[in-house]
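Engineer: Have a look at this one before I ask anything.
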Amino acid sequence: MRPSYKVTELLGDGIGAELSEAVHALSEALPIDLRFEPVDLSLENRRARKGAIYDEAVASIEANKVALKHPTITAEESPNQVLRRRLNLSVIHRPVYTIPGVPTNFRPELDVDIIRIATGGTYDDPGRMIGDSGAVSLRIVERQPVLEAARYAFNLARKTGKNVTSASKYTIQKATDGLFQSVADSVAAEYPEVPHHAELFDALLAKIIMKPELFQVILVLNEYGDFLSDMACGLAGSLGIGASANLAFDASAVVRVALFDAAHGTAPDIAGKGLANPTAIFLALSMLLYQLGEIRVGKAVKDGTLDLLRRGVRTKDLGGSESTKTFTAAVAAEVAARL
Ligand code: NAD
């Protein structure tokens with residue numbers, strides 16, 4: 001019997017509909033049953049249903065444990081931020097690697113897993129003016145999410161035989177980054193077989209450009225992870241092709257729920273024209289399959305998609321001539337042939 005899984009699918013705006021169709025078409029080619037449970041997070045539906053649509057999304061994700069999210073318009077609120085808060089998604093895992101067929105200005109190959117604490121840092125407090133002569137905001141670092149992120153990073157490194165670099169400015173931000181660094185060091189001591197070193201974040205940025213091969217898993221606080229992910233994507237040639245896992249943990253630091261999404265937005269300029277590149281959502285689906293324990297299927301989806309790009313089968317944004325549908329059909333055939 002084919003294994004069967006329920007997956008919450010968060011529908012979005014713009015090219016979201018075409019990406020959803022592409023995901024369903026690819027899923028048909030897999031030797032497992034993915035039963036998608038849709039929740040409509042389009043702006044129109046969010047406005048109509050107000051907070052109730054988030055209650056529905058949260059209940060569905062809590063029940064299914066895994067979700068695939070399509071891009072949504074950020075208007076009154078950011079659905080990603082609402083879901084991160086409501087589901088306590090405290091860690092973001094963003095693999096960034098050179099993709100064959102994606103032109104880049106950066107010659108060395110890059111292959112890093114960025115593990116970012118998704119809460120706190122400078123991002124949870126918009127700050128306030130002090131008269132008109134200055135402004136202040138709080139920078140928050142909490143032990144628990146750092147612990148969860150560190151354990152996730154070291155587990156990933158142990159499983160894959162990689163090293164971990166924890167990066168911060170602990171010499172200057174002694175309390176906040178000092179706390180981060182001491183938690184990272186104490187978790188590192190629990191994994192003596194995983195090579196670990198601490199870097200100052202500014203030095204890391206220089207070294208990753210000069211010697212990217214030194215870095216495999218990188219553990220960072222929220223804003224550093226934000227800057228680093230975009231820089232790494234720039235080095236790999238595209239901001240648009242990445243995918244992420246947003247993770248929440250139980251008391252024993254095991255992943256409790258996981259939400260996977262593409263890094264790009266709703267691409268309103270090409271929506272409905274059959275031009276959307278589904279690579280990122282396929283890579284997000286591949287990560288979801290790994291989370292379900294379907295490693296062979298997840299690997300086939302990732303390798304099949306990347307191999308087609310390498311062979312020149314690409315959508316227009318990457319200089320090719322495939323439409324969303326023809327690229328998807330090619331990926332589905334390639335993946336089926338690998339399984
Ligand atoms: P965008 O990523 O939507 O588009 C930037 C450029 O990249 C556009 O030219 C677009 O056509 C192209 N592009 C993006 N994804 C593509 C794909 N899959 N295939 C081919 N081309 C693609 O960024 P934007 O224009 O700044 O944002 C548009 C909307 O998306 C905004 O409302 C923003 O809030 C939202 N957004 C949502 C998310 C999310 O839900 N995760 C992320 C980023 C932006």
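Engineer: Quick test for you: out of K65, K69, pick the one residue that is among the basic types (K, R), at pLDDT 95 or above, away from the ligand (no atom under 14 Å from the Cβ) and within 19 Å of the chain's Cα centre (by Cα).
Structural biologist: So the residue among K65, K69 that is among the basic types (K, R), at pLDDT 95 or above, away from the ligand (no atom under 14 Å from the Cβ) and within 19 Å of the chain's Cα centre (by Cα) is K65.
Engineer: Moving to a separate point now. May I ask you to list the residues in segment 221-239 that are of a type in the set (S, T, Y) and closer than 16 Å to D113 by Cβ?
Structural biologist: Our first condition is that a residue be of a type in the set (S, T, Y); within segment 221-239, this holds for 224, 229, 238.
Matches in segment 221-239: Y224, S229.
Residue by residue, here is whether (1) touching a residue at least 24 places away in the same chain (Cβ under 8 Å); (2) within 16 Å of the ligand (Cβ to nearest atom) holds:
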residue: Y152; (1), (2): yes, no
residue: K159; (1), (2): no, no
residue: V164; (1), (2): yes, no
residue: F201; (1), (2): yes, no
residue: A245; (1), (2): yes, yes
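Engineer: Another question, then. Checking the conditions here, which among G178, G242, G225 is crowded, with 23+ Cβ neighbours inside 10 Å, of a type outside the set (A, V, I, L, M) and within 22 Å of G120 (Cα to Cα)?
Structural biologist: G225
Engineer: Right, next: Any residue in segment 259-281 that is closer than 15 Å to A17 by Cβ and at pLDDT 95 or above sitting within a Cβ distance under 7 Å of a residue that is of a type in the set (V, I, T) and more than 7 Å from the ligand (Cβ to nearest atom)? List the pairs, counting only those 6 or more apart or interchain.
Structural biologist: A262/I281; G274/T324; L275/T324; A276/T324; P278/T324; P278/T328; I281/V23
Engineer: Then there is this: Are there any pairs with C-beta distances below 7 angstrom linking a residue in segment 3-22 that is on the phi < 0 side of the Ramachandran plot and hydroxyl-bearing (S, T, Y) to a residue that is part of a loop (DSSP other than H, G, I, E, B) and within 12 Å of the ligand (Cβ to nearest atom), with the two at least 6 apart or on different chains, and if so which?
Structural biologist: S20/H70
Engineer: In addition: Identify the residue in segment 38-59 that is hydrophobic (A, V, I, L, M, F, W, C) and within 12 Å of the ligand (Cβ to nearest atom) and, among all such residues, is nearest to G298 (Cα to Cα).
Structural biologist: L41
Engineer: Would you point out which residue out of G101, G120, G127 is without any contact (Cβ under 8 Å) to a residue 24 or more places away in the chain and not basic (K, R)?
Structural biologist: When all the criteria are applied, what remains is G127.
Engineer: Can you pull out every residue in segment 296-308 that is within 16 Å of the ligand (Cβ to nearest atom), under 19 Å from the mean Cα position of the chain (by Cα) and hydrophobic (A, V, I, L, M, F, W, C)? Steps first, answer last, please.
Structural biologist: Keep residues of segment 296-308 that are within 16 Å of the ligand (Cβ to nearest atom), which gives 305-306, 308.
Filter again for under 19 Å from the mean Cα position of the chain (by Cα), leaving 305-306.
The one that is within 16 Å of the ligand (Cβ to nearest atom), under 19 Å from the mean Cα position of the chain (by Cα) and hydrophobic (A, V, I, L, M, F, W, C): L306.
Engineer: In addition: Which one is surrounded by the most Cβ atoms within 10 Å (Cβ to Cβ) among residues in segment 296-322 that are among the basic types (K, R) and not in a helix (DSSP H, G or I)?
Structural biologist: Top of the filtered list is R314.
Engineer: Does segment 24-37 contain at least one residue that is within 12 Å of the ligand (Cβ to nearest atom) and modelled with pLDDT of 95 or more?
Structural biologist: Here is the first cut: in segment 24-37, the ones within 12 Å of the ligand (Cβ to nearest atom) are none.
No, every residue in segment 24-37 fails to be within 12 Å of the ligand (Cβ to nearest atom) and modelled with pLDDT of 95 or more.
Engineer: Further question on the same structure: Restricting to segment 253-295, and then to whatever is crowded, with 24+ Cβ neighbours inside 10 Å and near the ligand (Cβ under 10 Å from one of its atoms), can you tell me which residue is farthest from the chain's Cα centre (by Cα)?
Structural biologist: A276
The values are calculated or read from the model by the stated rules, or taken from the named source; none is laboratory data. These numbers come from a predicted model, not from an experiment. All Cβ positions, glycine included, derive from the backbone under ideal geometry; neighbour counts span all protein chains shown.
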